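Comments concern the structure below.
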Amino acid sequence: MKLSIFHTPELTPSDTLPTCAIAVDVLRATTTIATALAAGAEAVQVFSSMDDLMQTSEQWLPEKRLRAGERGGAKVPGCDLGNSPLDCTSEVVGGRRLFISTTNGTRCLKRIESAETVLTAALINRAAVVNTLLAHQPETVWIVGSGWEGSFSLEDTVCAGAIVHHLSSQLENAGHPLEAIAGNDEVYGAVALFRQWQNNLLGLLHHASHGQRLLRLDCQDDLKYCAQLDVLDALPTQVEPGVLKLV
């Protein structure tokens, strides 16, 4: 197994795809997707364009759909939800399909949707991601951060590092140290970032530029939730392009 980390979707190679691609958007799309599915959503369908989201979701009965739209951290007018995982309770999302478009995370998912296996990861479901990688041992793995409008983000990188750190600690017992699975230099940088901040992940999110943006929008509780590690045993998996379920 070879893992490579890419800080933004734009940095992924354009001429190849991995066996397994993992989208990361800690603040907040992949955290919200995992939370919604764990709370009983029928599926989460992702869109880069709000126009496409509205058009597709019109084909569903109102009681069977939820529209979630976020731009710049704020809810898109006309949507049922924004991009807060705290809104995804079983009472709200149970049995319904969540149609979602966000500033960064859904764009990342669209970039990697043609990979053989597509997963989403956040800090809250890190262990579920690692357990699946250990079980299936895909030949090549990309962990792709969503970043912020094409730029590096601390929170996605620390999550990628958390995944690789936990995975490598499991594989070391089988004689496969980090050097054996690292596919690019970004892997070492991400693991180093996680090791430095693993006991203060909320503090890191407060330093992150998007974390500060969300704090200005009074989303402190979102940051506290998103900073938790291994609290959700849910692994969103793409079952058809753009559609994620628990399988």
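In the range 143-247, counting only helices (runs of 4 or more DSSP H) that sit wholly within it, the ones holding 3 or more residues that are aromatic (Phe, Trp, Tyr) span 185-197.
Test Thr132 against the criterion of being of a type in the set (S, T, N, Q), more than 22 Å from Met54 (Cα to Cα) and touching a Pro at 6+ places or on another chain (Cβ under 7 Å), and give yes or no.
Values: of a type in the set (S, T, N, Q): yes; more than 22 Å from Met54 (Cα to Cα): yes; touching a Pro at 6+ places or on another chain (Cβ under 7 Å): no.
Against the criterion (of a type in the set (S, T, N, Q), more than 22 Å from Met54 (Cα to Cα) and touching a Pro at 6+ places or on another chain (Cβ under 7 Å)), Thr132 does not qualify.
Please pick out the residue among Glu70, Glu58 that is modelled with pLDDT under 95, more than 30 Å from Ala135 (Cβ to Cβ) and out of contact with any helix residue (DSSP H, G or I) (no Cβ under 6 Å at 6 or more places or on another chain). Exactly one residue qualifies, and that residue is Glu70.
Scanning the range 1-21 for residues that are touching a strand residue (DSSP E or B) at 6+ places or on another chain (Cβ under 7 Å) and within 15 Å of Thr106 (Cβ to Cβ) turns up Thr8, Pro9, Ala21. Across the range 48-88, the qualifying residues are those that are closer than 16 Å to Thr30 by Cβ, of a type in the set (A, V, I, L, M, F, W, C) and without any contact (Cβ under 8 Å) to a residue 40 or more places away in the chain, and the one among them that is surrounded by the fewest Cβ atoms within 10 Å (Cβ to Cβ) is Leu81.
Scanning the range 227-241 for residues that are open to solvent by less than 50 Å² (accessible area, probe 1.4 Å) and under 16 Å from Ile22 (Cβ atoms) gives Leu232, Ala234, Leu235, Pro236, Thr237, Gln238. The condition (being open to solvent by 80 Å² or more (accessible area, probe 1.4 Å), out of contact with any Phe, Trp or Tyr (no Cβ under 8 Å at 6 or more places or on another chain) and touching a residue at least 24 places away in the same chain (Cβ under 8 Å)) is satisfied by just one residue among Arg213, Arg195: Arg195.
Working only within the range 1-45, note down all residues that are of a type in the set (Asp, Glu) and in contact with an Asp or Glu (Cβ under 9 Å, 6 or more places away or on another chain).
Across the range 1-45, the qualifying residue is only Asp25.
The values are calculated or read from the model by the stated rules, or taken from the named source; none is laboratory data. Since this is a predicted model, take the numbers as computed values, not measurements. Positions of Cβ are generated from backbone atoms using ideal geometry, with glycine treated the same way; all protein chains shown enter the neighbour counts. Heads up: the accessible areas ignore ligands, DNA and RNA and are worked out on the full protein's heavy atoms, side chains in. Shrake-Rupley method; radii C 1.70, N 1.55, O 1.52, S 1.80 Å.
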